[in-house]
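The values are calculated or read from the model by the stated rules, or taken from the named source; none is laboratory data. These figures come from a predicted structure and were not determined experimentally. Every residue, glycine among them, receives a Cβ derived from its backbone with ideal geometry; neighbour counts consider all protein chains shown. Quick note on the areas: whole protein, heavy atoms, side chains included, nothing else; ligands and nucleic acids left out. Shrake-Rupley method; radii C 1.70, N 1.55, O 1.52, S 1.80 Å.
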Amino acid sequence: VDNTKLVNKAGEAVDPETLRGKSVALLFYAEWCPACREFLPLLKKFYEEQNKQKHNQIELVFVSSDFSKGDAIETFQKQHGDWLMVDYDCPMREEYKIRFGVWSGKEAAKFGTSIAALKGRKSGVPAIMVLTLDGLVARYLPAEQQGVECLLMWDVDNVLWPK
């Protein structure tokens, strides 16, 4: 997540170095998506329960597929857990969608409808990509297809970022 502008719910910039010692994942999500709205309260509960522990804590970083910055910020502040967000205007928000092959069907015109683009797409939203410290995918959690059961695949013990 280097070169990524992260913000908290108050809109304050957060240094990516604060993620060290946790298992970090990108949450691809859009408020207008029914599957996302169904998944979010369960994810929030999972996040809160996991982070009650003193070790093996997790951090989520919201990557918005909402139609506007205002929609993304409102959704983040009112509905999401106490995690972070990639600033809506940060170029990495779209870069992550391309890099990890996760974008909503409504974004297909933006990210490509070619055969190559579609072959590179893993899923729509919601989806979670658990990352290694160097930004590689440690685990892909297909929430769009599996719902909350995908969280069972998050091997928190084995994907903690070193402090």
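A single entry from K44, K54 fulfils the requirement of being more than 13 Å from the chain's Cα centre (by Cα) and basic (K, R): K54.
With respect to A72, is the statement that it is hydrophobic (A, V, I, L, M, F, W, C) and either surrounded by 13 or more Cβ atoms within 10 Å (Cβ to Cβ) or within 16 Å of the chain's Cα centre (by Cα) (or both) true?
Working: hydrophobic (A, V, I, L, M, F, W, C): yes; either surrounded by 13 or more Cβ atoms within 10 Å (Cβ to Cβ) or within 16 Å of the chain's Cα centre (by Cα) (or both): yes.
Taking the combined requirement at face value, the residue satisfies it.
Is it the case that L43 is open to solvent by less than 60 Å² (accessible area, probe 1.4 Å) and assigned to a strand (DSSP E or B)? Spelling it out, it is not the case that L43 is open to solvent by less than 60 Å² (accessible area, probe 1.4 Å) and assigned to a strand (DSSP E or B).
Residues that are open to solvent by less than 30 Å² (accessible area, probe 1.4 Å) and farther than 15 Å from F62 by Cβ within region 7-24 comprise G21, S23, listed in sequence order. Listed by first and then second residue, the pairs linking a residue in region 9-20 that is touching a residue at least 40 places away in the same chain (Cβ under 8 Å) and over 11 Å from L84 (Cβ atoms) to a residue that is in a loop (DSSP other than H, G, I, E, B) and open to solvent by less than 80 Å² (accessible area, probe 1.4 Å), with Cβ atoms under 7 Å apart and 6 or more places separating them unless they lie on different chains, are R20/W161; R20/P162. Is it the case that region 91-99 has a residue that's part of a loop (DSSP other than H, G, I, E, B) and of a type in the set (D, E, K, R)? No; the residues of region 91-99 include none that is part of a loop (DSSP other than H, G, I, E, B) and of a type in the set (D, E, K, R). For C150, the conditions (1) crowded, with 18+ Cβ neighbours inside 10 Å; (2) under 16 Å from L43 (Cβ atoms); (3) under 13 Å from the mean Cα position of the chain (by Cα); (4) not hydroxyl-bearing (S, T, Y) all hold with the exception of (3). Being in contact with a helix residue (DSSP H, G or I) (Cβ under 7 Å, 6 or more places away or on another chain), modelled with pLDDT under 95 and among the small types (G, A, S) is true of G101. For region 104-138, the tally of residues that are under 22 Å from T4 (Cα atoms), open to solvent by 80 Å² or more (accessible area, probe 1.4 Å) and not in a loop (DSSP other than H, G, I, E, B) stands at 1. The C-beta contact set for region 143-161 (first residue free of Cβ contacts under 8 Å to residues at least 40 places away in the same chain and within 17 Å of G124 (Cα to Cα), second residue open to solvent by less than 50 Å² (accessible area, probe 1.4 Å) and part of a helix (DSSP H, G or I), distance under 6 angstrom, 6+ apart or interchain) comprises C150/A143.
Among the residues of region 49-81, those identified as part of a loop (DSSP other than H, G, I, E, B), touching an Asp or Glu at 6+ places or on another chain (Cβ under 8 Å) and under 15 Å from Y29 (Cα atoms) are S65, D66, G81.
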